[in-house]
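Notes follow once the structure below has been shown.
The values are calculated or read from the model by the stated rules, or taken from the named source; none is laboratory data. Keep in mind the model is a prediction, meaning the values are calculated, not measured. In case anyone asks, the SASA skips ligands and DNA or RNA and just uses the protein heavy atoms, side chains included. Shrake-Rupley method; radii C 1.70, N 1.55, O 1.52, S 1.80 Å.
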Amino acid sequence: MRGLLARRMKFHLLGAFLVSMGCATLYKFGVAEPRKRAYEDFYRHYDPVKDFEAMKAAGVLESAPAK
């Protein structure tokens, strides 16, 4: 029984470190990178003037009334 806590603590610290690094890696490549690509694709083809004109024509903007 002597040294049981220290021995188990080493095992659990190593396991916790590996699990946390695995979760961080999965999040990076499963969530963050696809989100970055989606934003890049959206803004590559985004035309703010066209979007403004569409909102203005729909009457969404109070400061720029539709003609």
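Within the range 31-67, the set of residues being open to solvent by 70 Å² or more (accessible area, probe 1.4 Å) and of a type in the set (Asp, Glu) comprises GLU40, ASP41, ASP47, GLU53, GLU62. Entry remark, the range 10-30: residues being of a type in the set (Val, Ile, Thr) and open to solvent by 80 Å² or more (accessible area, probe 1.4 Å) number 1 in total.
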